[in-house]
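For reference, the structure is listed below as structure tokens.
Read-outs throughout are calculated quantities, based only on the coordinates presented, and are distinct from any laboratory measurement. Bear in mind the structure is a predicted one, so any value in this text is a computation, not a measurement. Reconstructed Cβ throughout: ideal geometry from the backbone, glycine too, with neighbour counts over all protein chains shown.
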Amino acid sequence: MKLTLVVACALIDADNRVLIAQRPEGKTLAGLWEFPGGKLEPGERPEPALIRELHEELGITVEEPCLAPLTFASHGYDSFHLLMPLYICRKWQGTVTPREGQQLAWVRANKLRDYPMPPADIPLIAHLTDLLL
């Protein structure tokens, strides 16, 4: 089975809310909410990949020292196995803006379960709840 490495970030604002994004129509798992991030390019390290994805998706600039690894997801889908490190970030430059037509929501950790998420993202919620409550 193919292993797919994807990086994700829990952006945390000054009120300890977490940013999630809704997958747009036409994408796999459309309509589900997830932590921003994406696939690594060939030869790319996880942190630069996440910095690139956050800039492409949200228009913000993040510096590598501001990314702290929190946990990871390991989930078997039908056609591939997903390995997804989750970083937290509390400091960035710029204003979070949906640049790919996606809906965004700032959500308290204990409310994340109110949003339908892909199976790989759901186990990450407990780690964020422990961190932020």
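With a simple spin-label model that places each label point 7 Å from the Cα along the Cα-to-Cβ direction, the separation between Asn16 and His55 comes to 3.3 nm.
Quick check: net charge around Glu56, other residues with Cβ under 10 Å of its Cβ, Lys/Arg +1 and Asp/Glu -1?
Values: positive: Arg52, Arg99; negative: Glu53, Glu57, Glu100.
Net charge in that neighbourhood comes out at -1.
A simple rule links phi to the HN-Hα coupling: the Karplus curve 6.51 cos²θ - 1.76 cosθ + 1.60 with θ = phi - 60°, which for region 84-93 gives 9, x, 10, 9, 10, 9, 10, 9, 8, 10 Hz, with x for Gly and Pro. Checking every one of the trypsin sites (Lys or Arg not before Pro) in region 53-133 against DSSP loop status and a limit of 11 other Cβ atoms within 10 Å picks out Lys91.
Which GluC sites (Glu not before Pro) in region 40-133 sit in a loop by DSSP (not H, G, I, E or B) and have at most 15 other Cβ atoms within 10 Å of their own Cβ?
Values: sites: Glu44, Glu53, Glu56, Glu57, Glu63, Glu100; in loops: Glu44, Glu63, Glu100.
Taking region 40-133 and a limit of 15 other Cβ atoms within 10 Å, the loop GluC sites (Glu not before Pro) found are Glu44, Glu63, Glu100.
In region 1-56, which trypsin sites (Lys or Arg not before Pro) are in a loop and have at most 12 other Cβ atoms within 10 Å, using DSSP for the loop call? Here the trypsin sites (Lys or Arg not before Pro) that fit, given the DSSP loop and packing criteria, are Lys27.
Label sites at Ala126 and Glu25, each approximated as a point 7 angstrom past Cα along Cα to Cβ, lie 3.7 nm apart.
Counting only DSSP beta bridges whose two residues both lie in the chain, roughly 70 percent are antiparallel. The alpha carbon centroids of region 4-20 and region 47-106 are separated by 6 Å.
With n ≥ 4 as the cut-off for DSSP H runs, can you work out [θ] at 222 nm for the chain, using -39500 (n - 2.57) per run divided by the number of residues, rounded to the nearest 500? Show your work: numbers first, answer last.
Working: 2 runs with 22 residues, N = 133.
After summing the helix terms and dividing by the residues of the chain, the value is -5000 deg cm²/dmol.
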